[in-house]
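Trainee: This is the structure, below, for whatever I ask next.
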Amino acid sequence: MAKKSSTQESLALAFEILKRIPKSHQVTAKELHQQLQHIGVERDLRTIQRNLEMLCDHFDILRDERSKPYGYRWNKSSEGI
């Protein structure tokens, strides 16, 4: 089996994160990190945080910055991906 390119791996990670962001409640980067580890995706917490920042810039994902750790969720009016 051919090795995935870094672009493919980055896209796969972004999609896995997007799938795990809820609409009804918030999730933290640490919680997402744990979920990803559970399915065998080994990335450091900082990588997940950077991806979340990028995804918030490009999708209708809200970041609650009132306290740390930040919480992430889809905007209730969002249709998702």
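Just so it is clear, none of the values below were taken in a lab; they were calculated from the coordinates. On a predicted model such as this, the values are computed, not experimentally measured, just so you know. Using ideal geometry, Cβ is built from the backbone for each residue, glycine included, and neighbour counts are taken over all protein chains shown.
Trainee: Take every Cα pair under 8 Å in the stretch 1-56 that's 6+ residues apart, average their separations, divide by the length, and report that relative contact order as a whole percent. Don't skip to the end; give the middle numbers.
Mentor: Numbers: 20 pairs, mean separation 18.6, N = 56.
Normalised by residue count, the contact order of the stretch 1-56 is 33 percent.
Trainee: Among Ile21, Ile39, Ile61, determine the one that fluctuates most according to a GNM of the chain built with springs between C-alpha atoms less than 10 Å apart.
Mentor: Of Ile21, Ile39, Ile61, the most mobile in the Gaussian network model is Ile39.
Trainee: Looking at (1) 43, 25, 19; (2) 67, 15, 15; (3) 43, 32, 17, which value of Cα extents along the principal axes in Å comes from a calculation on the structure shown?
Mentor: Comparing each candidate, only (1) matches the computed number.
Trainee: Ok, one more. Within the chain, what's the longest run with no GluC sites (Glu not before Pro) in a DSSP loop and at most 12 other beta-carbon atoms within 10 Å? Give the range, please.
Mentor: 1-41
Trainee: If R₀ is 30 angstrom, what is the calculated FRET efficiency for the pair Asp44 and Ser78, using the beta carbon separation as r and rounding to 0.05? Before the final figure, lay out each step's value.
Mentor: Numbers: r = 28 Å, r/R0 = 0.93.
So, using R0 = 30 Å, E works out to roughly 0.60.
Trainee: State to the nearest 20 debye the size of the charge dipole of the stretch 1-40 about its Cα centre, where the only charges are +1 on K and R beta carbons and -1 on D and E beta carbons.
Mentor: Here the size comes out at about 60 debye.
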